[in-house]
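Have a look at the structure below before the remarks.
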Number of protein chains: 2
Amino acid sequence: MNQRRIRVVQWGLGAMGRSMAQLMLDKEGIELVGAVDALPEYDGKDLGDVLGTAPVGVPVTADPDQVLPGADVVVIATTSWVEKQLPDLLRILSAGVNVVSIAEEMAAPEAQHPEVAARLDAVAKEHGVSLVGVGVNPGFVLDLLIATLTAGSQQVTRIEASRVNDLSPYGQTVLSTQGVGTTPEQFAAGVADGSIVGHVGFPESVRLISDALGLGVDRVEQKVEPIISKVRREVRDLVVEPGQVAGCNHTAIGYRGEDEVVVLHHPQQVHPEAEGQSTGDYITIFGVPEIHLSTGPEIAGGIATAGMAVNTVPRIFAATPGLKRVIDLPVPTALMGGSAYERR
Amino acid sequence: MNQRRIRVVQWGLGAMGRSMAQLMLDKEGIELVGAVDALPEYDGKDLGDVLGTAPVGVPVTADPDQVLPGADVVVIATTSWVEKQLPDLLRILSAGVNVVSIAEEMAAPEAQHPEVAARLDAVAKEHGVSLVGVGVNPGFVLDLLIATLTAGSQQVTRIEASRVNDLSPYGQTVLSTQGVGTTPEQFAAGVADGSIVGHVGFPESVRLISDALGLGVDRVEQKVEPIISKVRREVRDLVVEPGQVAGCNHTAIGYRGEDEVVVLHHPQQVHPEAEGQSTGDYITIFGVPEIHLSTGPEIAGGIATAGMAVNTVPRIFAATPGLKRVIDLPVPTALMGGSAYERR
């Protein structure tokens, strides 16, 4: 059994990328060999300078060619969108390096971009490497965990799940994309002009569930609605008055013909407890057997996305060539051992 | 893509085996081509006669050679014990057929029988086929589901989980092996002479969790204790008086050195609600993030074991040769589609 450490490049050093880089520095089975970021002021620095720590001996570069040769896996955190990430993905795959992406659309790129997915699959196979998109949601709580819950199910007729979180810890950018603090009219205008997006990843989650179980979903409809507060809610210097918008209630329904077979809810707001709502993940599988699951609080989003990306490194390194989804691989699990891929 | 149905033989037609056979008859992606059982009165019958249905055109035989040729997968339900199942497993593998077993010890046979596990692995590879052990527990709720819950975990320091069920629906054989209705003295004597066994599968679950996460568990200790009822509990014609035993509280602790890193509880009793205990599965992952999960009621045991075995058929058919654990494969999921293995 090969015990060498997996050589990884972190691509993208925003908040998520820095978090993943720090985590990988702490994992015995992973050797972080470089980082890529387009910011000119990072170019040529030691990664420790970017992380605000002592030097770690890992170079940061704006030129991928400096670090891709000899790498086993790139973990990329640059955007939510497949088409925007495509040039970087093609460059990495063509260099013969595997990829873990946290772009939401990459969790199941065939859901909204089938031609891009086919191209990524072909290029990966041509170069004998694999790629996968993961994250807490999509990629884990509202799809992989649901699929796993059906491991013993004899029949599944309908799935309904909800992820209730609190946006209070997040910055202004996130609050803006969920419409926090707007009036109902401003919210409607923001949805219309694309500045209020709600959750990114529902078509991908529905696709993962449908494909994993063979549910035959043929159509996904989404609704983005304001959560109008009945009470005053404060977040730092932002006040949501009664009648204003505390967040965004995003729902996706996957239909097979006229039947609703997958219904996913993701209400994201500041201080849900102000109106008595507990944060958590709630999943019901209707069928044989019927299963009701809850977590409380919700599985922490930012932490789990970074963890998921890092935990997937040994899975994509061991995978057969091509485009994978998380449901196609043995489940990623916390990497607590010395060798990241010492498995039978 | 090959769309032919997977050809399966059901081996063992006890209660579980009959349930799995019936389920497979209903799955479009599976073709049940035969059934094996040693009972002379079943030999030569149509499976429908054994199931109590109309004829289904599937032969039941006491002679495996009648049905193994041409089969893709055998689902075997004959015993809990690896060594007892070994001759049948070797015969099936040697015929070039993959195996899904619900023997509890087969969930991780290396946990208690490393030489047998090594032999099964070698024979499977020699014949180009694979085998795996699954079930609701071990194989799903207290190991695979726990491992999946850590998919986004950055650190895991300790895992504690409990599965609380109600034995009331089970027959006298199950109640006896859990000591229901005994006095505390009779319970102690039953544990000593092996007639009261508690749960079978904890060393296997701990091994699966430890291997999946790399927790380095080096020792498993188990405790089997009576659940002494404070109230009168009735099950059909059996009465448990206050002071008598309502069931068995089985605990396993996996240690790394002196640290308890995995703690699993499985109190099995009749009518737990009589003393205010709700049935359910309860999992806590201590680490980053901390995760608290519960289901209520518990994921139904008998149904989910049969479902898990059938849902694993396409996974073991697609696996590389050798002995697998459920953590080594993409998670089994409910088979609701037309083709049991139409996956990318």
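Brief remarks follow.
- Remark: accessible surface ordering of B:Lys223, B:Lys84 (largest first) is B:Lys84, B:Lys223, probe radius 1.4 Å.
- Each Lys and Arg Cβ is given +1 and each Asp and Glu Cβ -1; about its Cα centre, the stretch B:144-299 then shows a dipole of about 100 debye.
- Taking every residue in B:134-140 and counting other chain Cβ atoms within 10 Å of its Cβ, the average works out to 2.
- Chain A: most fluctuating residue of A:Val156, A:Val313, A:Val73 per GNM, C-alpha cutoff 10 Å: A:Val156
- For the set A:Asp211, B:Asp218, the ranking by accessible area, highest first and with no ligand, DNA or RNA atoms included, is B:Asp218, A:Asp211 under a 1.4 Å probe.
- Helix axis angle, A:82-94 relative to chain A longest principal axis, alpha carbon, degrees: 20
- For chain A, built as a Gaussian network whose Cα springs stay under 10 Å, the top-fluctuating residue of A:Glu225, A:Glu290, A:Glu110: A:Glu290
- Other-chain or far-sequence residues with amide H under 5 Å of B:Lys45's (modelled H): B:Val60
- Under 14 Å from the Cα of A:Lys230 - aspartates and glutamates, other chains or at least 8 residues apart: A:Glu241, A:Glu273, A:Glu275
- Dimensions of the stretch A:266-315 based on its C-alpha atoms, expressed as ranges along the principal axes with the largest first, amount to 41, 36, 15 Å.
- A dipole drawn for the protein assembly as shown from +1 and -1 charges on Cβ atoms has a positive end, and of B:Val132, B:Tyr255, B:Ala318 the residue lying farthest that way is B:Ala318.
- For the protein assembly as shown, taking the reciprocal of the average inverse distance between every pair of different Cα atoms yields a Kirkwood hydrodynamic radius of 26.5 Å.
- Computed label-point distance, nm, for sites B:Ser94 and B:Asp46 using a 7 Å Cα→Cβ extension: 3.4
- Close amide H contacts of B:Gly322 (hydrogens built in the peptide plane, cut-off under 5 Å, sequence separation of 5 or more or a different chain): B:Lys125, B:Val129, B:Ser130, B:Leu131.
- Reported to the nearest whole Å, the Cα centre-to-centre distance from the stretch A:80-113 to the stretch B:9-49 is 46.
- Charged-residue dipole, Cβ positions (Lys, Arg, Asp, Glu), the protein assembly as shown about Cα centre, Debye nearest 20: 680
- Cβ-based net charge around B:Asp259, under 11 Å, with every Lys or Arg adding one and every Asp or Glu removing one: 0
- Look at the stretch A:325-332: the mean tally of other chain Cβ atoms within 10 Å of its residues' Cβ atoms is 6.
- C-alpha long axis of helix A:301-318 to longest principal axis of chain A, angle in °: 40
- On Cα atoms only, tilt of B:15-26 relative to the major axis of chain B in degrees: 50
- Alpha carbon centroid spacing (whole Å) that separates the stretch A:248-265 from the stretch A:127-195: 13
- Each residue of the stretch B:106-118 is assigned a 3J(HN,Hα), and the resulting list reads 6, 4, 7, x, 5, 5, 10, 9, x, 5, 5, 4, 5 Hz, derived from the Karplus form 6.51 cos²θ - 1.76 cosθ + 1.60 (θ = phi - 60°), x at Gly and Pro.
- Chain lengthening between B:Arg256 and B:Leu39 when straightened (0.36 nm per residue, less Cα-Cα): 73.6 nm
- Mean residue ellipticity (222 nm) of chain B, computed from DSSP H runs ≥ 4 via -39,500 (n - 2.57), nearest 500: -8500 deg cm²/dmol
- Where A meets B: accessible area buried, both sides, 1.4 Å probe, Å²: 4400
- Approximate shape of the stretch B:20-126 as ellipsoid semi-axes (Cα gyration tensor, √5λ), whole Å, largest first: 26, 14, 13
- Contact order for the stretch B:144-299, expressed relative to its length and based on alpha carbon pairs under 8 Å spaced 6+ residues apart, stands at 34 percent.
- Calculated FRET efficiency for the pair B:Ala122/A:Gln66, C-beta based, R₀ 51 Å, to 0.05: 0.65
- Inverting the pair-averaged 1/r between distinct Cα atoms of chain B gives 21.0 Å as its Kirkwood hydrodynamic radius.
- Contact order, relative form, for chain A: 21 percent (alpha carbon pairs under 8 Å, 6 or more residues apart, mean separation divided by residue count).
- A 1.4 Å probe, protein heavy atoms only, puts the accessible area of B:Phe187 near 0 Å².
- Residue of A:Ala300, A:Ala124, A:Ala95 that the Gaussian network model of chain A assigns the largest fluctuation, springs spanning Cα pairs under 10 Å: A:Ala300
- Charge context of A:Arg233, other residues only, Cβ under 11 angstrom, K/R +1, D/E -1: -3
- Note that the stretch A:66-80 has calculated 3J(HN,Hα) couplings of 6, 10, 5, x, x, 6, 8, 9, 9, 9, 10, 9, 10, 6, 8 Hz, one per residue in order, obtained from phi through the Karplus relation 6.51 cos²θ - 1.76 cosθ + 1.60 (θ = phi - 60°); glycine and proline are x.
- With viscosity 1.567 mPa s and temperature 4 °C, the Kirkwood radius over alpha carbon pairs of the stretch A:144-299 converts through Stokes-Einstein to a diffusion coefficient of 79 µm²/s.
- J(HN,Hα) series, the stretch A:175-188, from Karplus relation 6.51 cos²θ - 1.76 cosθ + 1.60, nearest Hz, glycine and proline x: 4, 5, 5, 9, x, 4, x, 7, 7, x, 5, 4, 4, 4
- Reachable aspartates and glutamates from B:Lys27, criterion Cα separation under 18 angstrom, eight or more residues apart if same chain: A:Asp211, B:Asp72, B:Glu342
- 5 angstrom amide H check on A:Ile299, placed H, neighbours 5+ away: A:Asp281
- Put a dot 7 Å past the Cα of A:Asp218, heading toward its Cβ, do the same for B:Gln277, and the two dots end up 4.9 nm apart.
The values are calculated or read from the model by the stated rules, or taken from the named source; none is laboratory data. All of these numbers come straight from a predicted model, not from anything done at the bench. Positions of Cβ are backbone-derived with ideal geometry, glycine not excepted, and every protein chain shown enters the neighbour counts. The protein model used for the area step is the full one, side chains on, heavy atoms only, and it has no ligands, DNA or RNA in it. Shrake-Rupley method; radii C 1.70, N 1.55, O 1.52, S 1.80 Å.
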